[in-house]
Amino acid sequence: MVDIFYPLQWIADKLTYEVFGIAPDTRLASSVNFVIYDVMKIFVLLAVMIFVISYIRTYITPEKTRRVLGGKKGLKYHLLASLIGTVTPFCSCSSVPIFIGFVEAGVPLGVTFSFLITSPLVNEAAVAALWATIGLKATLIYVVSGTLLGVFGGYLIGLLNMEKYVADFVYKIKVGDQAKRPEELSIKERATIAYESAKEIVGKVWIYVIIGVTLGGIFHGYAPEGILAKYAGKDNPLAVPIAVLIGVPLYSNVMAMIPVIESLIGKGLPIGTALAFLMAVNAISLPEIIILKKVLKNELIGVFVLIVTVSIIFTGYLFNIIM
């Protein structure tokens, strides 16, 4: 698979090892490299996704948006959003720019959460790696669980009608006035509108991206793997909730976590407990929450974290019973 972000990784490597002179294979190098790479990647995704969605939106009137998207709140649309999430190989923080674009474009809030929950959990590369690591049966259960988690998590949030807890600036950008009707705009005018939209959103969230990713980078480089095996062993009935609580402050992508999961399972950690930890790291990371805080109000973030946390804990226990 071609890594479209390879140039960013090359820059991160150059800065970490040559410009800053940090020795490879150290915790500091791992943290610094992680932060540089992810900050660049998220900013690129944020700017590009908002620009593209804003450009497309210049062809669509608010009335058409409401007509096409307004009633799409059934389970099938949540399933569609979750399935889209399974083919977008982004970590939790990288999924946030697309989430913002969906909300800004008028997609129902619950449907956007279905995407946000599933996207960091499941992708084709992770499926292949998990299959090789934990076997086909466990991988299939993981994929189905991750998809359903997005479907029902987003559906519950949709039922709660929490649109008022989205930051006002997102909706203001969505309904921004245009002096001309959509069909009268030139390509240059559409590009200018899209550029201004992207600049405004990036300008409002950039500091949260840097803070969130920096925290994630610290945990990525320095979090001791042994703490999970010590406190969430198979003899502890509260092992799954403990694994989830340990996983929340961390930040990584599912591919990077699979070797860790393999190691934990090899040390005797039950598969369900290990996969609950994997889900927590990828679906409700602290850096993701920090970035979302600029876009969502505390009440909605709390509901999101509660629903996903309870669902992951249930899934972990179910895994341990089945496997």
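Here are some notes:
- Approximate spin-label separation Thr192-Phe20, in nm, with each point projected 7 Å along Cα-to-Cβ: 4.0
- Per-residue SASA entry for Val19, accessible area with 1.4 Å probe, Å² rounded to 10: 100
- Computed from the Cβ-Cβ distance with R0 of 41 Å, the FRET efficiency linking Asn236 to Leu159 stands at 0.75.
- Members of Lys41/Lys294; Lys41/Lys164; Lys164/Lys293 lying beyond 21 Å, as alpha-carbon distances in this model show: Lys41/Lys164
- Environment charge at Lys164 (Cβ cut-off 12 Å; Lys +1, Arg +1, Asp -1, Glu -1): -2
The values are calculated or read from the model by the stated rules, or taken from the named source; none is laboratory data. Fair warning: this is a prediction, and the values are worked out from it, not measured in the lab. Cβ: placed from backbone, ideal geometry, glycine included. Neighbour counts: every protein chain shown. The protein model used for the area step is the full one, side chains on, heavy atoms only, and it has no ligands, DNA or RNA in it. Shrake-Rupley method; radii C 1.70, N 1.55, O 1.52, S 1.80 Å.
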